[in-house]
1. Any residue at all in region B:255-270 that's basic (Lys, Arg), free of Cβ contacts under 8 Å to residues at least 60 places away in the same chain and either surrounded by fewer than 21 Cβ atoms within 10 Å (Cβ to Cβ) or closer than 30 Å to B:Ser13 by Cα (or both)?
2. Tell me which of these A:Pro234 doesn't satisfy, since it passes every other one: (1) touching a Leu at 6+ places or on another chain (Cβ under 6 Å); (2) more than 14 Å from chain B (Cβ to nearest Cβ); (3) closer than 17 Å to A:Phe158 by Cβ.
3. State the number of residues belonging to region B:146-165 that are within 10 Å of chain A (Cβ to nearest Cβ) and either surrounded by fewer than 17 Cβ atoms within 10 Å (Cβ to Cβ) or of a type in the set (A, V, I, L, M) (or both).
4. Could we say that B:Val84 is in a loop (DSSP other than H, G, I, E, B) and in contact with an Asp or Glu (Cβ under 9 Å, 6 or more places away or on another chain) here?
5. Look through region A:84-129, keep the residues that are touching a strand residue (DSSP E or B) at 6+ places or on another chain (Cβ under 7 Å) and not polar (S, T, N, Q), and return whichever of them is surrounded by the fewest Cβ atoms within 10 Å (Cβ to Cβ).
6. Picking from B:Thr68, B:Thr105, which residue would you name as being hydroxyl-bearing (Ser, Thr, Tyr), modelled with pLDDT of 75 or more, under 25 Å from the mean Cα position of the chain (by Cα) and in a helix (DSSP H, G or I)?
7. Name every residue in region B:128-145 that is closer than 24 Å to A:Leu257 by Cα and more than 8 Å from every other protein chain (Cβ to nearest Cβ), in order of residue number.
8. Exactly one condition in (1) at pLDDT 80 or above; (2) more than 29 Å from B:Leu263 (Cβ to Cβ); (3) away from chain A (no Cβ under 14 Å); (4) surrounded by 19 or more Cβ atoms within 10 Å (Cβ to Cβ) is false for B:Ser189; which is it?
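The values are calculated or read from the model by the stated rules, or taken from the named source; none is laboratory data. Keep in mind that what you see is a predicted model, and the values were worked out from it rather than measured. As a convention, Cβ positions derive from the backbone with ideal geometry for all residues, glycine included, and neighbour counts pool all protein chains shown.
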Amino acid sequence: MSAPAGYRPDPMSAQLQRGSTLHGWLTTAEPASQWQASLGDSYVRALFLLRNPLAMCGLVIVLGLLAVAAFAPAIATQDPNAQDLAARLLPPSSGHWFGTDEFGRDMFSRVVYGSRVTLLTITCVVTIIGPFGLVVGVVAGYLGGWADTLLMRMTDIFLALPRLILALALVAALKPGIQNAIIAIILTSWSPYARVARAEAITLRGSEFIDAARLSGASAARIIFSHILPLCVPSVIVRGTLDMAGVILIAAGLGFLGMGAQPPAPEWGTMIAQGRVFILEQWWVATMPGLAICVVSLGFNLLGDGLRDVLDPKNR
Amino acid sequence: MSLSPAFGRPLASVAITLTGLLLITFVIGRVIPVDPVLAVVGDHAPPAVYEATRQKMGLDQPLWKQFTLYIAEIAHGNLGTSFVTGRPVLEDLERVFPATVELATIAVLFGVLAGVPIGVVAASHHGRWQDHLLRVVGIVGYSVPVFWLGLIALLVFYAKLGWSAGPGRLGIAYDGMIEPITGVILVDSLLRGELAIFRDALAHVLLPAVVLGYFSMAYISRMTRSFMLDQLQQEYITTARVKGMSERRVVWTHAFGNIRVQLITVIALTYASLLEGAVLTETVFAWPGIGQYITSSLLSVDMNAVLGGTVVVGLVFIMLNLVADTIYGLVDVRARRLQA
C-alpha cells in the first residue's frame, strides 16, 4: 500500500517499512495524520484481540451465528414448520441430525431458523438501549446537578429491581408475544448502560481538552455529543457485548414461560418448553435448542471479556 | 452521628426505589387490556352495579389519587385477591414464600462454599492454568439458561442415574405429613424430630439448589478473585512473604481476612438475584415457591397475584440491597469516609 499524499517519511522509518509496509505504516511511532493514528490504534488492538484465544473462540461463535441466521434457508435441511406426523419424536440420525419433535418437524432446521429470532431480539434490544443509555448517562455525567440526580434516580430504580420478574409482569400485561417481550427487555435493561456511560463522562468532564473546548465557546450540546459521547462508546460496546448473553437468556426464559415468541415460531426458549414434556424419554427435543443458547451466549461472553481487555482504558 | 451516612442515604434511596417499584406495578396494573371492574363483577353485571363497583374501587378518581390509594392499600398489606385461589394474595404469598427461602438459602450456601475457594485459588494462581480453567467455568455459569440446566440435571441425575429425588419438595409418601412451624421443611422436620422427612426433604432440595446456585457460584468466584488480586498486590503481602510466612497463611489469613466485608456485600446481592433465578428453577422442579406462584398466575392472567408477587420480590430485593449497603458502610472505614 502506498503512503498517503503529504506523507514524507524520514529515512529510518522508510527503511523499516520496506520489510512490511502496511504493518509498519500502521504501527509507526510518528503518524502523519489523525486518521493514520486512529487506524493504527485499532490495528494494534485487533492484534491484541487476535492473540487472545478465548476471545477468538467468542468471535468465531458470534460470526457463526450471523452466518447461520443469514443463510438459514441454505443450511436448514427442511422447512422448519413442515409437519410429518409419521416421523414424530425420532432420535437424532443421519436423516434428522437433531431428531424430530412431537409434530415430526426437523429439530436441526428449527434450531437453525431459531438463530434468526435470537438475532432479531438482541439486535432490537441493543440498538435501542445502547444509544439511549449512552445519551442518558453522558448527559447526566456532564451536566451534573439536578439533571444528574433526576436521571440517575430513574436509573437506580430500574437497576434495583428484579429484571426478569418485571419483564414477566410487563409482558403478561401487554399480551405475550415476541414483540412485547422485546419491549419488556428494553424497558428493564437500559439502566446499566447509563451507569457505565455516566462514570466515563464524569472522568472526562474534568479533563483539559474539555476545558479548552468550553473556553473556545463550544455549547454544552456540542461538547456532549461531539467530544464526550464518542469517547464513551467503547465502554458501552463492551457492556453491550457482555450484556447480550443476558438478553439472550432473558428472552429464552420468557419464551420458556410462554411469555415470549409463541409457537409455532422456532424460538429456542419456546422449543425447550415444548420439549420439557418429553425430557425423560425424548431428550433431544429440549436438549438441542438449549445447547444452541449455551453456545451463543458463551460466544458473546467470551468476546465481551476479550473486548474488555482490549478496549478498557485501564488496560492500555 | 457516624451512623447517619451509613443509614440515612440508603434509606432515602430505598424510599425512592420503592415508590418507583410501586409506580411501575401500578402502571402495569392499569395498562392491562382486561377491565379490572369486569374482572370483579363479571361480564353480565347491570350498568348500575358496574358503575357502583367502579366507584368503590376508586377507578373514577384521577390517576395520581388512584396511585396514592394504591400505596395506602399496599402499606396496609392489601395486595388484592387472587382470581384463581380466591384468597388474599398476601396469604398465598405467605404460604409459598418459605419454600423459596429454603431453596435460595441452600443455593447460596452452595455458591459460597464452592465459589469462595475457587476465587481464592484462581487469584493465588493468577495467570496460570488453574486461573484460566476457573475463568472458563465461571463464564459457562453466565451462559447456561438455568431452566435448561435444571431439565438436563433432572434427566441425568434423577432419571438416568437415580442419584437425586424427583421434582417437588417431598416424596408422595411424606407429602403433607409435616405440620408447618416456620414453613421451611428442613427446619420443621428437625424441630419435630422427623429425621426420615428431613432426609427426604434434603434429597429433594439438593439438585434444584445446586442448579440455582451454579450462577451464584460463578458470580461469587469472579468477585472473590478480583478482590483477592487487589489484596495480593499490596505491600503488606510482600512484607508478610519477606518475613518468611507460609504462602497458605499469607493468602488465607492476611489477604482473605481483608476481603470478608466485601464478600458479605456480594453474598447479600447474590441472594437477591437468586430470588429471581428461583422463578425459572421452581417452574422446572415443580417447587411450590413464589416463583412457581408467579408463573402459574401469569398463565391464568391473574394480575393481582402477579403484581403482588412482583411487589414482594421487589421489596425483598430492595431490602437485601439495603443490607448490603449498610454492612459495607458500617464496617468499611474507607466507604464511611467517602460518604461523609
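1. Scanning region B:255-270, I find at least one residue that is basic (Lys, Arg), free of Cβ contacts under 8 Å to residues at least 60 places away in the same chain and either surrounded by fewer than 21 Cβ atoms within 10 Å (Cβ to Cβ) or closer than 30 Å to B:Ser13 by Cα (or both), so the answer is yes.
2. Condition (3) is where A:Pro234 drops out.
3. 9
4. Yes.
5. Going residue by residue through region A:84-129, those that are touching a strand residue (DSSP E or B) at 6+ places or on another chain (Cβ under 7 Å) are A:87-90, A:96, A:100, A:106-107.
Narrowing further to those that are not polar (S, T, N, Q): A:87-90, A:96, A:106-107.
Working: A:Ala87: 16, A:Arg88: 14, A:Leu89: 16, A:Leu90: 18, A:His96: 22, A:Asp106: 25, A:Met107: 26.
The residue in question is A:Arg88.
6. Just a single option satisfies the conditions, and that option is B:Thr105.
7. Filtering region B:128-145 down to residues closer than 24 Å to A:Leu257 by Cα leaves B:140-145.
Result: B:Gly141, single match.
8. Every listed condition holds for B:Ser189 apart from (1).
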